[in-house]
1. Restricting attention to the stretch 31-45, and to residues there that are without any contact (Cβ under 8 Å) to a residue 60 or more places away in the chain and of a type in the set (D, E, K, R), which single residue is least open to solvent (accessible area, probe 1.4 Å)?
2. So which of LEU166, LEU135 is open to solvent by 40 Å² or more (accessible area, probe 1.4 Å) and either modelled with pLDDT of 95 or more or closer than 20 Å to ILE32 by Cβ (or both)?
3. Do we find that VAL156 is surrounded by fewer than 15 Cβ atoms within 10 Å (Cβ to Cβ), modelled with pLDDT of 95 or more and among the β-branched types (Val, Ile, Thr) in this structure?
4. Does TYR69 qualify as being open to solvent by less than 50 Å² (accessible area, probe 1.4 Å) and touching a helix residue (DSSP H, G or I) at 6+ places or on another chain (Cβ under 9 Å)?
5. Taking TYR71 as the residue in question, decide whether it is among the aromatic types (Phe, Trp, Tyr) and in contact (Cβ under 8 Å) with a residue 40 or more places away in the chain.
6. Please state which one of SER63, SER26 is small (Gly, Ala, Ser), on the phi < 0 side of the Ramachandran plot and modelled with pLDDT of 95 or more.
7. Output the number of residues of the stretch 46-63 satisfying the condition of being in contact (Cβ under 8 Å) with a residue 24 or more places away in the chain, part of a loop (DSSP other than H, G, I, E, B) and touching a strand residue (DSSP E or B) at 6+ places or on another chain (Cβ under 8 Å).
8. Given the conditions (1) touching a residue at least 12 places away in the same chain (Cβ under 8 Å); (2) open to solvent by less than 70 Å² (accessible area, probe 1.4 Å); (3) closer than 17 Å to TYR69 by Cβ, report the number of the one that GLN104 does not fulfil.
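The values are calculated or read from the model by the stated rules, or taken from the named source; none is laboratory data. It should be emphasised that the depicted structure is a prediction, and the values quoted were computed from it without experimental measurement. Here the Cβ positions follow ideal geometry from the backbone for every residue, glycine too, while neighbour counts run over all protein chains shown. The protein model used for the area step is the full one, side chains on, heavy atoms only, and it has no ligands, DNA or RNA in it. Shrake-Rupley method; radii C 1.70, N 1.55, O 1.52, S 1.80 Å.
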Amino acid sequence: MLRLSSLKQKREDQQTRNASNKKAASFALLRITKDINELNLPNTCGIIFPLSDDLFNFKLTISPDEGFYKYGQFTFDFKISSNYPYEPPKVKCETKIYHPNIDQNGNICLNILREDWKPVLTLNSIVYGLQYLLLEPNPDDPLNKAAAEDFKTSQVVFAKNIKNML
(Lines give C-alpha, C1' and ligand atoms only; values in the text may rest on other atoms or scores of the structure.)
Protein backbone atom coordinates (compact mmCIF):
# COMPACT_ATOMS: atom_id res chain seq x y z
CA MET A 1 0.00 0.00 0.00
CA LEU A 2 2.82 2.36 0.84
CA ARG A 3 4.43 1.72 -2.53
CA LEU A 4 1.24 2.43 -4.45
CA SER A 5 0.70 5.73 -2.69
CA SER A 6 4.32 6.68 -3.20
CA LEU A 7 4.05 5.85 -6.93
CA LYS A 8 0.82 7.81 -7.13
CA GLN A 9 2.51 10.80 -5.45
CA LYS A 10 5.47 10.62 -7.86
CA ARG A 11 3.10 10.53 -10.84
CA GLU A 12 1.15 13.53 -9.50
CA ASP A 13 4.40 15.42 -8.91
CA GLN A 14 5.49 14.66 -12.47
CA GLN A 15 2.14 15.80 -13.86
CA THR A 16 2.41 19.03 -11.86
CA ARG A 17 5.93 19.62 -13.22
CA ASN A 18 4.78 18.90 -16.78
CA ALA A 19 1.84 21.28 -16.42
CA SER A 20 4.14 23.94 -14.98
CA ASN A 21 6.62 23.49 -17.86
CA LYS A 22 3.79 23.75 -20.41
CA LYS A 23 2.55 26.96 -18.80
CA ALA A 24 6.07 28.41 -18.84
CA ALA A 25 6.57 27.35 -22.45
CA SER A 26 3.22 28.81 -23.52
CA PHE A 27 3.97 32.08 -21.69
CA ALA A 28 7.40 32.18 -23.32
CA LEU A 29 5.79 31.53 -26.71
CA LEU A 30 3.31 34.38 -26.19
CA ARG A 31 6.10 36.74 -25.19
CA ILE A 32 8.47 35.74 -27.99
CA THR A 33 5.64 36.10 -30.51
CA LYS A 34 4.93 39.60 -29.18
CA ASP A 35 8.64 40.52 -29.28
CA ILE A 36 9.04 39.27 -32.85
CA ASN A 37 5.91 41.09 -34.01
CA GLU A 38 7.22 44.30 -32.46
CA LEU A 39 10.74 43.98 -33.87
CA ASN A 40 11.78 47.20 -35.50
CA LEU A 41 14.74 46.02 -37.56
CA PRO A 42 16.87 48.67 -39.24
CA ASN A 43 17.82 48.24 -42.91
CA THR A 44 21.15 46.74 -41.83
CA CYS A 45 19.50 43.77 -40.07
CA GLY A 46 17.56 40.71 -41.12
CA ILE A 47 16.03 37.77 -39.32
CA ILE A 48 15.84 34.16 -40.55
CA PHE A 49 13.79 31.32 -39.07
CA PRO A 50 15.37 28.03 -40.23
CA LEU A 51 12.21 26.21 -39.07
CA SER A 52 9.16 28.33 -39.76
CA ASP A 53 7.21 26.90 -36.82
CA ASP A 54 10.05 27.37 -34.29
CA LEU A 55 10.15 30.90 -32.91
CA PHE A 56 12.61 29.92 -30.16
CA ASN A 57 15.54 29.42 -32.56
CA PHE A 58 16.47 31.92 -35.24
CA LYS A 59 19.33 33.82 -36.80
CA LEU A 60 19.91 37.54 -37.00
CA THR A 61 22.20 39.04 -39.62
CA ILE A 62 23.75 42.46 -39.22
CA SER A 63 25.51 44.22 -42.10
CA PRO A 64 26.91 47.46 -40.65
CA ASP A 65 26.93 50.44 -42.98
CA GLU A 66 29.55 52.35 -41.00
CA GLY A 67 32.42 51.85 -38.59
CA PHE A 68 35.19 49.24 -38.50
CA TYR A 69 32.87 46.43 -39.60
CA LYS A 70 31.34 48.24 -42.57
CA TYR A 71 30.67 45.87 -45.50
CA GLY A 72 30.82 42.80 -43.26
CA GLN A 73 27.88 40.50 -42.69
CA PHE A 74 27.60 38.92 -39.26
CA THR A 75 25.22 36.17 -38.25
CA PHE A 76 24.06 35.69 -34.67
CA ASP A 77 22.32 32.51 -33.52
CA PHE A 78 19.51 32.99 -30.97
CA LYS A 79 18.28 30.19 -28.74
CA ILE A 80 15.43 31.11 -26.43
CA SER A 81 14.43 28.92 -23.50
CA SER A 82 10.96 28.25 -22.13
CA ASN A 83 11.92 30.55 -19.20
CA TYR A 84 11.95 33.61 -21.48
CA PRO A 85 11.66 36.48 -20.57
CA TYR A 86 12.90 35.57 -17.10
CA GLU A 87 16.21 34.49 -18.55
CA PRO A 88 17.95 36.03 -21.55
CA PRO A 89 18.29 34.30 -24.91
CA LYS A 90 21.55 32.49 -25.59
CA VAL A 91 23.19 34.38 -28.44
CA LYS A 92 26.35 33.37 -30.30
CA CYS A 93 28.13 34.97 -33.22
CA GLU A 94 28.45 32.39 -36.01
CA THR A 95 30.70 34.57 -38.16
CA LYS A 96 34.43 34.69 -37.46
CA ILE A 97 35.13 38.20 -36.28
CA TYR A 98 38.05 40.11 -34.78
CA HIS A 99 36.29 41.99 -32.01
CA PRO A 100 37.18 42.86 -28.40
CA ASN A 101 33.78 41.70 -27.11
CA ILE A 102 33.38 38.51 -29.17
CA ASP A 103 35.75 35.58 -28.76
CA GLN A 104 36.82 32.94 -31.30
CA ASN A 105 34.01 30.64 -30.13
CA GLY A 106 31.36 33.27 -30.86
CA ASN A 107 30.67 34.10 -27.20
CA ILE A 108 29.51 37.68 -26.78
CA CYS A 109 30.24 40.04 -23.92
CA LEU A 110 27.10 42.15 -23.80
CA ASN A 111 25.79 43.02 -20.35
CA ILE A 112 22.10 42.59 -21.22
CA LEU A 113 22.79 38.99 -22.25
CA ARG A 114 24.12 38.27 -18.78
CA GLU A 115 23.96 40.13 -15.48
CA ASP A 116 21.91 43.13 -16.63
CA TRP A 117 19.09 41.13 -18.22
CA LYS A 118 15.62 42.07 -17.00
CA PRO A 119 12.29 40.59 -18.14
CA VAL A 120 11.19 44.01 -19.42
CA LEU A 121 13.93 43.90 -22.07
CA THR A 122 12.95 42.66 -25.50
CA LEU A 123 14.56 41.22 -28.60
CA ASN A 124 14.78 44.79 -29.91
CA SER A 125 17.07 45.60 -26.96
CA ILE A 126 19.40 42.76 -27.92
CA VAL A 127 19.41 43.65 -31.63
CA TYR A 128 20.34 47.25 -30.87
CA GLY A 129 22.93 46.10 -28.32
CA LEU A 130 24.60 43.86 -30.92
CA GLN A 131 24.48 46.63 -33.50
CA TYR A 132 26.06 49.01 -31.04
CA LEU A 133 28.86 46.51 -30.30
CA LEU A 134 29.68 46.43 -34.01
CA LEU A 135 29.67 50.23 -34.21
CA GLU A 136 31.44 50.90 -30.90
CA PRO A 137 33.61 48.01 -29.66
CA ASN A 138 34.30 48.17 -25.91
CA PRO A 139 37.96 47.32 -25.19
CA ASP A 140 37.44 47.84 -21.45
CA ASP A 141 35.38 44.64 -21.04
CA PRO A 142 37.04 42.23 -23.49
CA LEU A 143 36.57 38.57 -24.31
CA ASN A 144 39.25 38.83 -26.98
CA LYS A 145 42.16 40.48 -25.20
CA ALA A 146 44.36 40.74 -28.32
CA ALA A 147 41.65 42.63 -30.21
CA ALA A 148 41.07 44.89 -27.21
CA GLU A 149 44.80 45.64 -26.94
CA ASP A 150 45.03 46.42 -30.67
CA PHE A 151 41.97 48.67 -30.40
CA LYS A 152 43.56 50.59 -27.52
CA THR A 153 47.09 50.86 -28.92
CA SER A 154 46.68 51.07 -32.70
CA GLN A 155 43.36 51.37 -34.44
CA VAL A 156 45.21 51.07 -37.77
CA VAL A 157 46.40 47.58 -36.78
CA PHE A 158 42.96 46.82 -35.39
CA ALA A 159 41.29 47.83 -38.69
CA LYS A 160 43.83 45.79 -40.66
CA ASN A 161 43.09 42.68 -38.58
CA ILE A 162 39.37 43.15 -39.17
CA LYS A 163 39.89 43.45 -42.94
CA ASN A 164 41.91 40.20 -42.87
CA MET A 165 38.91 38.40 -41.38
CA LEU A 166 36.31 39.87 -43.74
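1. ARG31
2. Result: LEU135 is the single residue among LEU166, LEU135 that is open to solvent by 40 Å² or more (accessible area, probe 1.4 Å) and either modelled with pLDDT of 95 or more or closer than 20 Å to ILE32 by Cβ (or both).
3. Answer is yes for this residue.
4. Criteria met by TYR69.
5. Against the criterion (among the aromatic types (Phe, Trp, Tyr) and in contact (Cβ under 8 Å) with a residue 40 or more places away in the chain), TYR71 qualifies.
6. Within the list SER63, SER26, the selection yields SER63.
7. Counting residues in the stretch 46-63 that are in contact (Cβ under 8 Å) with a residue 24 or more places away in the chain, part of a loop (DSSP other than H, G, I, E, B) and touching a strand residue (DSSP E or B) at 6+ places or on another chain (Cβ under 8 Å) gives 1.
8. Of everything listed in (1) touching a residue at least 12 places away in the same chain (Cβ under 8 Å); (2) open to solvent by less than 70 Å² (accessible area, probe 1.4 Å); (3) closer than 17 Å to TYR69 by Cβ, GLN104 misses just condition (2).
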